[in-house]
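Asks: This structure is in structure tokens; I'll ask about it shortly.
The values are calculated or read from the model by the stated rules, or taken from the named source; none is laboratory data. No experiment lies behind these values; they were computed from the predicted model shown. Cβ placement follows ideal geometry from the backbone for every residue including glycine, while neighbour counts extend to all protein chains displayed. Note: accessible area is taken over every heavy atom of the protein model, side chains too, but ligands, DNA and RNA are not part of it. Shrake-Rupley method; radii C 1.70, N 1.55, O 1.52, S 1.80 Å.
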Amino acid sequence: MMVKGILDYAHELLKNSVEHGDIVVDATCGNGHDTVFLSRLTGPEGKVYAFDVQQQAIQNTKQSLADAACHNVTLIHDSHAHASAYLPDKEIGGAIFNLGYLPRSDKSVVTRGSSTTEALTTLLSRMGKGKMTVLVVYHGHQGGREEKEAVLEYLEQLDQQTYTVLQYAFINQKNDPPFIVAVQKK
Ligand SMILES: C[S@@+](CC[C@H](N)C(=O)[O-])C[C@H]1O[C@@H](n2cnc3c(N)ncnc32)[C@H](O)[C@@H]1O
């Protein structure tokens, strides 16, 4: 068996979390790759809520969804920190965060530790048993180290009776490679 790369492994975790009909969240939709993936996992009876603070990302994701004929997504042009204002009062079947900046775009618009951890508090409190929130942590850019530290500090203090927290990383790669942290509700 070949060890899975970061993005493949993130999707593998989501496949094990999300079932048809679930309500799921893409906290950073960007170009919409994960949004399309989640949309297919949860199927027509399910629902994806996808957030991004950049109009360009919302536009790109809208196009990706149209190309993939996905019709079960609500796009939200706002910070994931405000997720509780948009999500229904129901259990969540899975969520993904791809931290950092939108590729080939304004590198000054990046995710930040304070808003990421605020969003995590909302999403983890609504996550169903056995379900997972997956974060792909890019941290080589300006502000990335601070966000990485804030996210790890937040996740390390989660109660082990309630959550399993996994870290998946290639520790011999150069140039600040991305890694995964995933939280499963017990
Ligand atoms: C690495 S990109 C996401 C890539 C995306 N998952 C894809 O498949 O293309 C990170 C995204 O997070 C967005 N972002 C930054 N801060 C945010 C926030 N507070 N809430 C929601 N999105 C945010 C950026 O605008 C950017 O599009």
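Asks: Which of the peptides 81-94, 35-48, 158-171 is most tightly packed, and how do the rest follow, judged by the mean count of other Cβ atoms within 10 Å per residue?
Replies: Values: 81-94: 16.6, 35-48: 20.8, 158-171: 11.6.
Ranking, from highest mean packing down: 35-48, 81-94, 158-171.
Asks: Whenever you get a sec, compute what percent of the accessible area on the chain sits on carbon and sulfur atoms (1.4 Å probe).
Replies: Working: 4620 of 9660 Å².
Carbon and sulfur atoms account for 48 percent of the accessible area of the chain.
Asks: Right, something else. Listed highest first by mean packing, meaning other Cβ atoms within 10 Å per residue, what order do 138-150, 7-19 come in? Walk me through the numbers on the way to the answer.
Replies: Working: 138-150: 16.2, 7-19: 18.2.
Packing proxy ranking, top to bottom: 7-19, 138-150.
Asks: Also, I was wondering about something else. Counting each DSSP H run of 4 or more residues in the chain as -39500 (n - 2.57), what helix-only mean residue ellipticity at 222 nm follows after dividing by all residues, to the nearest 500 deg cm²/dmol? Walk me through the numbers on the way to the answer.
Replies: Values: 5 runs with 62 residues, N = 186.
The helix contribution divided over the chain gives -10500 deg cm²/dmol.
Asks: Could you give the accessible area per residue of the chain, probe 1.4 Å, as a whole number in Å²?
Replies: Numbers: 9660 Å² over 186 residues.
Here the per-residue accessible area is 52 Å².
Asks: Order of 175-184, 50-59 by packing, highest average Cβ count within 10 Å first? The partial results should precede the final answer.
Replies: Numbers: 175-184: 18.0, 50-59: 19.8.
So the peptides 175-184, 50-59, ranked by packing, come out 50-59, 175-184.
Asks: Okay, moving on. Stretched out fully, how many nm does the piece from Ala68 to Asn172 gain, at 0.36 nm a residue minus the Cα gap? Before the final figure, lay out each step's value.
Replies: Values: separation 104, 0.36 × 104 = 37.44 nm, distance 3.64 nm.
My answer for the length gained is 33.8 nm.
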